[in-house]
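Visitor: Would you mind keeping the following structure in view while I ask a few things?
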């Protein structure tokens, strides 16, 4: 596995340290994008540009396969002193997700021209409204595979994320009463709980013995209603967050929601209306795809053990691009996801350096396996 550019461990760690010293909460990523553009130029990338929303995009190599290596530049707010201490690098974004982003960049930098094409993308606003990835999808990238850099731990490959439907449920009971005579009117807050219980029962029922990654969940996340401390509520608004496993889809779950709301409204004799705030389909990468196999082999080469393929209960950027482009997508990177967003966010330097090697081996295996899959097809 020859490489055109040699990346030393010392250089890699210095690069990550410099990235961590740039404070980049969502929509303040410009200094990091400019830093990456400069480094991509030094490392032999081509077509380096910052797009209209602030994403940094660059390419390396040529020919097939074409793989997108994508990570986000933004972090949650809150500064953390950058320090190298006891084998760990501390700093905001150390785990989520500057270490995964930099490890992908440094691995791609070592590619030879004839081993395929990497499109490296550092996107904005992942922690906010996903402005960056939504813009990237609209650019209709010509790619065969994608990896999102997120802290999975070096021996875990995330192959699936749940989908999501978020709804805003509005209940109106028509009139109110003084709290001293509550029997004179229905209470919209009480009625909202009738709807919420019915939705939870309908959506979450019959799921005994299912692992968490395959559970359909319906969670009340916000509720507000009433206008005074001594008057029953005429109106109540509730937001529910429904997470959809990969063996279901938004359409079937949406139909259950619609039917349940309609039936409860009729039974209770109240006015109920809901709107969909977000709808994201679940996504799972095929386990036998060249991408999953190549990354698995990369982990085995470096770690001498088979990685775990995991289904996450959250919803991420990989749903958006996987469903839009209909290609295999996984999430992978160094770092402990439980350290993300914390006051002592950190990443193991050894794990960061090993992850660069995993990505390098993955690119080598992907070239070989992609060619084989094309022959079979």
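The values are calculated or read from the model by the stated rules, or taken from the named source; none is laboratory data. Keep in mind the model is a prediction, meaning the values are calculated, not measured. A quick note on method: Cβ atoms are made from the backbone with ideal geometry, for glycine too, and the neighbour counts reach across all protein chains shown.
Residue-wise test of (1) within 19 Å of residue 154 (Cα to Cα); (2) at pLDDT 95 or above.
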site	(1), (2)
317	no, no
329	yes, yes
336	yes, no
344	no, no
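Visitor: Could you check the stretch 155-178 and list, in sequence order, the residues that are touching a strand residue (DSSP E or B) at 6+ places or on another chain (Cβ under 6 Å) and outside any strand (DSSP E or B)?
Guide: Of everything in the stretch 155-178, those that are touching a strand residue (DSSP E or B) at 6+ places or on another chain (Cβ under 6 Å) and outside any strand (DSSP E or B) turn out to be 162, 176.
Visitor: With the condition kept exactly as written, say whether any residue in the stretch 287-307 is closer than 25 Å to residue 121 by Cα, assigned by TED's automatic domain parsing to the domain that holds residue 153 and surrounded by fewer than 16 Cβ atoms within 10 Å (Cβ to Cβ).
Guide: Looking for residues that are closer than 25 Å to residue 121 by Cα, assigned by TED's automatic domain parsing to the domain that holds residue 153 and surrounded by fewer than 16 Cβ atoms within 10 Å (Cβ to Cβ), one finds at least one in the stretch 287-307, hence yes.
Visitor: Is it the case that residue 331 is buried (at least 24 other Cβ atoms within 10 Å of the Cβ) and either farther than 30 Å from residue 86 by Cβ or touching a residue at least 60 places away in the same chain (Cβ under 8 Å) (or both)?
Guide: Here the answer is yes, as residue 331 does meet what is asked.
Visitor: Let me ask another. Which of the residues spanning the stretch 73-95 are within 19 Å of residue 126 (Cα to Cα) and out of contact with any helix residue (DSSP H, G or I) (no Cβ under 9 Å at 6 or more places or on another chain)?
Guide: 77, 78, 79 - these are the residues of the stretch 73-95 that are within 19 Å of residue 126 (Cα to Cα) and out of contact with any helix residue (DSSP H, G or I) (no Cβ under 9 Å at 6 or more places or on another chain).
Visitor: Turning to a different aspect of this structure: Kindly establish whether residue 254 is closer than 25 Å to residue 182 by Cβ and in contact with a strand residue (DSSP E or B) (Cβ under 9 Å, 6 or more places away or on another chain).
Guide: Criteria not met by residue 254.
Visitor: Since residue 213 meets every condition but one in (1) closer than 24 Å to residue 326 by Cα; (2) assigned by TED's automatic domain parsing to the domain that holds residue 289; (3) not in a strand (DSSP E or B), which condition does it not meet?
Guide: The one condition residue 213 does not meet is (2).
Visitor: Take the stretch 142-153 and flag every residue that is surrounded by fewer than 24 Cβ atoms within 10 Å (Cβ to Cβ) and either without any contact (Cβ under 8 Å) to a residue 40 or more places away in the chain or closer than 30 Å to residue 303 by Cβ (or both).
Guide: Just the residues of the stretch 142-153 that are surrounded by fewer than 24 Cβ atoms within 10 Å (Cβ to Cβ), to begin with: 142-144, 153.
Within the stretch 142-153, 143, 144, 153 meet the criteria.
Residues checked against (1) closer than 18 Å to residue 32 by Cβ; (2) surrounded by 24 or more Cβ atoms within 10 Å (Cβ to Cβ); (3) in the same structural domain as residue 352 (by TED's automatic domain parsing); (4) free of Cβ contacts under 8 Å to residues at least 24 places away in the same chain:
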{"site": "52", "(1), (2), (3), (4)": "yes, no, yes, no"}
{"site": "56", "(1), (2), (3), (4)": "yes, yes, yes, no"}
{"site": "73", "(1), (2), (3), (4)": "yes, yes, yes, no"}
{"site": "77", "(1), (2), (3), (4)": "yes, no, yes, no"}
{"site": "89", "(1), (2), (3), (4)": "yes, no, yes, no"}
{"site": "110", "(1), (2), (3), (4)": "no, no, yes, no"}
{"site": "124", "(1), (2), (3), (4)": "yes, yes, yes, no"}
{"site": "136", "(1), (2), (3), (4)": "yes, yes, yes, no"}
{"site": "139", "(1), (2), (3), (4)": "no, no, yes, no"}
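Visitor: Count, please, the residues in the stretch 165-188 that happen to be buried (at least 20 other Cβ atoms within 10 Å of the Cβ) and either under 15 Å from the mean Cα position of the chain (by Cα) or free of Cβ contacts under 8 Å to residues at least 60 places away in the same chain (or both). Before you say what the answer is, go through the steps one by one.
Guide: The initial filter retains those residues of the stretch 165-188 that are buried (at least 20 other Cβ atoms within 10 Å of the Cβ), namely 165, 167, 169, 171, 173, 176, 186-188.
If we keep only those that are either under 15 Å from the mean Cα position of the chain (by Cα) or free of Cβ contacts under 8 Å to residues at least 60 places away in the same chain (or both) too, we end up with 176, 187.
Adding up the residues that qualify gives 2.
Visitor: From the list 81, 98, 39, 60, which one is crowded, with 21+ Cβ neighbours inside 10 Å, more than 21 Å from the chain's Cα centre (by Cα) and either within 19 Å of residue 338 (Cα to Cα) or modelled with pLDDT of 95 or more (or both)?
Guide: 60 is the lone residue from the list that is crowded, with 21+ Cβ neighbours inside 10 Å, more than 21 Å from the chain's Cα centre (by Cα) and either within 19 Å of residue 338 (Cα to Cα) or modelled with pLDDT of 95 or more (or both).
Visitor: Give me the strands (runs of 3 or more DSSP E) completely within the stretch 263-375, filtered to those with at least 2 residues that are under 26 Å from residue 66 (Cβ atoms), ordered by residue number. Full working, then the answer.
Guide: Values: elements: 271-280, 308-312, 329-332, 346-348.
Hits in the stretch 263-375: 308-312, 329-332.
Visitor: Here are some conditions: (1) buried (at least 16 other Cβ atoms within 10 Å of the Cβ); (2) part of a strand (DSSP E or B). Residue 191 meets all but one. Which one does it not meet?
Guide: All conditions pass for residue 191, except number (2).
Visitor: Could you give every pair whose Cβ atoms fall below 7 Å, whose first residue belongs to the stretch 340-359 and is on the phi > 0 side of the Ramachandran plot, and whose second residue is crowded, with 21+ Cβ neighbours inside 10 Å, counting only separations of at least 6 or pairs across chains?
Guide: So the pair list comes out as 341/96.
Visitor: For the stretch 8-111, give me every one of the strands (runs of 3 or more DSSP E) that falls completely inside it and has 2 or more residues that are under 20 Å from residue 362 (Cβ atoms). Don't jump to the end; show me each part of the working.
Guide: Working: elements: 46-50, 56-62, 66-72, 83-85, 88-90.
Output list reads 56-62, 66-72.
Visitor: Which condition breaks for residue 1 when tested against (1) modelled with pLDDT of 95 or more; (2) part of a loop (DSSP other than H, G, I, E, B)?
Guide: (1)
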